[in-house]
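K.L.:
Just passing along the structure, written as structure tokens.
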């Protein structure tokens, strides 16, 4: 069954701790993306990667880090430097060109207290 | 930062009504416009990807049009059903990855 998986669905952390969100895809897509959603906001791009071992900052990259060591995996680390980490995080992938639709994972809701 | 506007923010319609909503965007250097449907507790799913001015796409009761010269796209739903209840997102690609609007939340009342 092809698709994108994100784990866990819900994540709770104490302030000051780094936390890593998992995103895996078996669609053989070159490009992967991380978005954040806050109430009343659209999806905002955190980081994206168009090819293995390469990634670029999106609009709100501060306080986040990523890696792309394998085509299938694009983990996102929310660091303690992120001022407002509580949010819903969505991972997506596509074949890489703008004309291709994005496929989304189920999301991870992160709560930091 | 590029601004993609969607209106209305939310919409309540009766089952069987037809409805439409708008996505507005800056018209320069257009590459592609995407529409996604996001049902509660599910992942967003692509409805349409449009790249050419004048494009019209249709999937069942849902259709979309694109005007890149004036910077808007319309999404139409004919004969709304309760299962159409969702948030409809549009997203624009110019010279960056997709920029999403805030969505239109549609509720269809049986």
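The values are calculated or read from the model by the stated rules, or taken from the named source; none is laboratory data. Note that the structure is a prediction, hence the values are computed from the model and not measured. A quick note on method: Cβ atoms are made from the backbone with ideal geometry, for glycine too, and the neighbour counts reach across all protein chains shown.
K.L.:
So residue A:69 ticks every box in (1) modelled with pLDDT of 95 or more; (2) crowded, with 18+ Cβ neighbours inside 10 Å but one. Which box is left unticked?
P.N.:
Against the list (1) modelled with pLDDT of 95 or more; (2) crowded, with 18+ Cβ neighbours inside 10 Å, residue A:69 comes up short only on (2).
K.L.:
Determine if segment B:73-80 includes at least one residue that is touching a residue at least 12 places away in the same chain (Cβ under 8 Å), crowded, with 18+ Cβ neighbours inside 10 Å and farther than 28 Å from residue B:28 by Cβ.
P.N.:
The initial filter retains those residues of segment B:73-80 that are touching a residue at least 12 places away in the same chain (Cβ under 8 Å), namely B:73-80.
This time we only want the ones that are crowded, with 18+ Cβ neighbours inside 10 Å, so: B:73, B:75, B:77, B:80.
Checking which are farther than 28 Å from residue B:28 by Cβ leaves us with B:77, B:80.
Checked segment B:73-80: at least one residue is touching a residue at least 12 places away in the same chain (Cβ under 8 Å), crowded, with 18+ Cβ neighbours inside 10 Å and farther than 28 Å from residue B:28 by Cβ.
K.L.:
Would you please name the residue that is surrounded by the fewest Cβ atoms within 10 Å (Cβ to Cβ), looking only at residues in segment B:82-94 that are more than 13 Å from the chain's Cα centre (by Cα) and within 11 Å of another protein chain (Cβ to nearest Cβ)?
P.N.:
B:94
K.L.:
Let me ask something additional. Tally the residues that are part of a loop (DSSP other than H, G, I, E, B) and either on the phi > 0 side of the Ramachandran plot or within 12 Å of chain B (Cβ to nearest Cβ) (or both), restricting the search to segment A:83-113. Let's see the steps before the verdict.
P.N.:
Initially, segment A:83-113 is screened for residues part of a loop (DSSP other than H, G, I, E, B), giving A:83-86, A:95-102, A:105-107, A:113.
So of that shortlist, the ones also either on the phi > 0 side of the Ramachandran plot or within 12 Å of chain B (Cβ to nearest Cβ) (or both) come out as A:95-102, A:105-107.
Matching residues across segment A:83-113 total 11.
K.L.:
Moving on. Checking residue B:97 against (1) in contact (Cβ under 8 Å) with a residue 12 or more places away in the chain; (2) surrounded by 16 or more Cβ atoms within 10 Å (Cβ to Cβ); (3) within 9 Å of chain A (Cβ to nearest Cβ); (4) over 14 Å from residue B:21 (Cα atoms), which test does it fail?
P.N.:
(1)
K.L.:
In addition: For segment A:73-101, how many residues are closer than 18 Å to residue A:24 by Cα and within 13 Å of the chain's Cα centre (by Cα)?
P.N.:
Count: 12.
For (1) facing chain A (nearest Cβ under 10 Å); (2) surrounded by fewer than 13 Cβ atoms within 10 Å (Cβ to Cβ); (3) within 19 Å of residue B:76 (Cβ to Cβ), each residue gets a yes or a no:
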site: B:8; (1), (2), (3): no, yes, yes
site: B:19; (1), (2), (3): no, no, yes
site: B:22; (1), (2), (3): no, no, yes
site: B:36; (1), (2), (3): yes, no, yes
site: B:41; (1), (2), (3): yes, yes, no
site: B:46; (1), (2), (3): yes, no, yes
site: B:54; (1), (2), (3): no, yes, yes
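K.L.:
Hey, could you check segment B:24-34 for residues that are touching a strand residue (DSSP E or B) at 6+ places or on another chain (Cβ under 6 Å) and surrounded by fewer than 19 Cβ atoms within 10 Å (Cβ to Cβ) and say which is farthest from the other protein chains (Cβ to nearest Cβ)? Reasoning before the result, please.
P.N.:
Restricting attention to segment B:24-34, the residues satisfying the condition of being touching a strand residue (DSSP E or B) at 6+ places or on another chain (Cβ under 6 Å) are B:24-25, B:31-34.
Applying the additional criterion that residues be surrounded by fewer than 19 Cβ atoms within 10 Å (Cβ to Cβ) yields B:24, B:31.
On the way: B:24: 13, B:31: 5 Å.
Filtering first and then ranking leaves B:24.
K.L.:
Oh, and also: Name the single residue that is farthest from the other protein chains (Cβ to nearest Cβ) among those in segment A:20-31 being in a strand (DSSP E or B) and at pLDDT 95 or above.
P.N.:
Only one residue fits best here, namely A:20.
K.L.:
Here is a follow-up. More than 10 Å from the chain's Cα centre (by Cα), more than 11 Å from chain B (Cβ to nearest Cβ), closer than 18 Å to residue A:7 by Cα and not in a loop (DSSP other than H, G, I, E, B) - does that describe any residue in segment A:43-59?
P.N.:
Scanning segment A:43-59 turns up no residue that is more than 10 Å from the chain's Cα centre (by Cα), more than 11 Å from chain B (Cβ to nearest Cβ), closer than 18 Å to residue A:7 by Cα and not in a loop (DSSP other than H, G, I, E, B).
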